[in-house]
Every structure is written in structure tokens, then in C-alpha cells.
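Colleague: Input: one structure, supplied below.
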């Protein structure tokens, strides 16, 4: 990764304006000054080993070392991350597993005083069970805990500045299922619950509440049916639904909730020998919704109906 950023900034003042009878033209553009140039470089090495134990258990061990360098001076860091996982085939298609993983994410940009941001760090613990009661069926249940540090937050002492005092702890569980049904019908479904709580922040109002724009509940279901028209030609049709729960945004004046929404998606595809033609439609009924609204006073409209046609050829 190689990232370079140059920018200029300036500050000025304006007179109060009456939003019902505005008068424009009295603004004088401030003089801009150069901010320190930021350059980030990252290179990493990753190793992983998978070990089969007694033909019943699989153990995965991995390690990664990255050299992340931020130049607004001479700031160079060595970052080590680790991962490990164990899954055991017990009996009757049941396979419990546990895993641990570390992560980091470089944060581009500078604070108001020209200092480079530190990488965000994360730790994840997960455990669950996979069940394959018969061929073509897989059910998975898992629980997790994720801790994220060095999250950029607004500086409570200066609205123009950003500080890295944020920490988020996410706890939750996921349920997933995939089934091949008679008649060449394939069905998947999933549900997740995530309590993403802000545990540290320079903005006290958001501590102890759900992370902004992060729904607690999400669910989806999708089904595809294949129609054999001949030995070389087949048609696939699919229909799905997605549910996104309400989200919360916390501000100085209070909190605002964005309502939940449900969307439908569809698929029509034709396969002939090594060629395929597919038509994917998201937000099938062109539903209008907000995703999300923020306590600062702005709302973002969700994506309207989107149609994508794809032609593919398999070599």
C-alpha cells in the first residue's frame, strides 16, 4: 500500500444569516495555507499452517507482520497480528469450532495539528458449531466478541479536530443456513444480532450506547430455482429479501433513530454451454428509504432500484 496526501486549509468568519430571508455576497474567501504532506507505506508478510489431528480436528495457525510507515516526520511502526482456529468433527455432521484473530487498519489523514493518525486495531473471539445433517445442507450458529481501538472521534474541545480516543466493543451472534431442495432449488437464510457499544470516546454522550449507523438486527433470505430447458440450456430465477433494523445516531441535542427497512432483490439468468447471461435487480420495487439519518441534522437516502446485466464466458 502506498498512500500520499497533500492539502491546503483556511479559516474565515461570516455574518449570521437569516435562513428565511438570506442575504449573500458578504463572504471573503480566507487565505489558504499548506498542511504537512502525509505519506503512508505498508508492506506485510503472512504465513499460515493448517494441521490435521487424528483425522478429526483441523488446527489453523497464522501470523502476519506489517511495516506501516507514516511520514510527517519519521514515524515507522512494526505491527504484528495473529490468528488461530480449531474445528473438530465430533459426529453426526456436528463440528464445533473456536477462533481468535487480530487486525489493523491504517487510518489516512492528519489531525488539526498535523500529526498522523495511528492504525485502528481489532481483536476478535468467535465460537460456534457447524452442522451438516445431510449432503447439500449446512447450518451454522456462532457467537463473537470484537474489540476495536484507536477509532477516530470528534474532538470535544475543537469541532474542527479529530482525535483517536474511541473504542467499540461488539458482541453478538449469527445464524446461517443453506439447503439444496428437490427440483434444483437452492435456499439460504441468515440472521445476525450485533450489540456494538461505544466504550470509550471523546464525546461522552455516545458512551454506553449503540454505535451510530449500526443496526442491531439484520436478516436475509434468498432462493434460486434452476430450470433445465435442454441438455445445454438452463434458466435460473431467484428472489430474495433483506431486512435491516433501525439505527441510532447520538448528538449533543439528543438521539435520532432511523426506521428499519425491508428490500427485495431478484435474479434472472440463462446458461448455454460456456456462456451465461444474467440480470440482477436490487431494491426490486424501488422502495424509498433513509440509510441512515444522523443527529447532526443530515439524512442519506437509500439506493434506488439498480439493474445490472452481465455476460460471462467460461474458458
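Colleague: Specify whether the C-alpha gyration tensor of the range 177-221 places it in the rounded, prolate or oblate class, a ≥ b ≥ c being the square roots of the eigenvalues: rounded for a/c under 1.5, otherwise prolate if a/b is larger than b/c and oblate if not.
Modeller: Because a/c hits 1.5 or more and a/b exceeds b/c, the range 177-221 counts as prolate.
Colleague: Sticking with this structure for a sec: What's the FRET efficiency of residue 160 with residue 24 using the Cβ-Cβ distance as r and R₀ = 35 Å, to the nearest 0.05?
Modeller: Plugging the Cβ-Cβ distance into 1/(1 + (r/R0)^6) gives 0.90.
Colleague: Send over the Kirkwood Rh of the chain, from the inverse of the averaged 1/r over different Cα pairs, rounded to one decimal Å.
Modeller: Taking every pair of different Cα atoms in the chain, averaging 1/r and inverting gives 24.4 Å.
Colleague: Would you please classify the overall shape of the range 268-315 from the alpha carbon gyration tensor, given that a ≥ b ≥ c denote the square roots of the eigenvalues, rounded means a/c under 1.5, and beyond that prolate means a/b larger than b/c while oblate covers the rest?
Modeller: prolate
Colleague: Separate question: Where the Cα atoms of the range 226-315 are projected onto their three principal axes, how long is each span, largest first, in whole Å?
Modeller: 65, 21, 19
Colleague: Please state the relative contact order of the range 38-313 as a whole percent: Cα pairs under 8 Å, 6+ residues apart?
Modeller: Computed over the range 38-313, the figure is 9 percent.
Colleague: Something else now. If you average 1/r across every pair of different Cα atoms in the range 184-271 and take the reciprocal, what Kirkwood value do you get, in Å?
Modeller: 15.9
Colleague: Take each of the peptides 274-280, 305-311, average the number of other beta-carbon atoms within 10 Å over its residues, and list them starting from the highest.
Modeller: Listed from highest to lowest mean packing, they are 274-280, 305-311.
Colleague: How would you order 176-184, 104-112 from highest to lowest mean count of nearby Cβ atoms within 10 Å?
Modeller: Answer by packing, highest mean first, reads 104-112, 176-184.
Colleague: Related question: Sorted by packing (mean other beta-carbon atoms within 10 Å per residue), highest first, where do 130-141, 2-13 land?
Modeller: Descending mean neighbour count gives 130-141, 2-13.
Every number here is computed from the coordinates shown, using simple stated rules; none is lab data. These numbers were taken from a predicted model, which means no experiment stands behind them. So basically every Cβ, Gly included, is an ideal-geometry build from the backbone, and we count neighbours across all protein chains shown.
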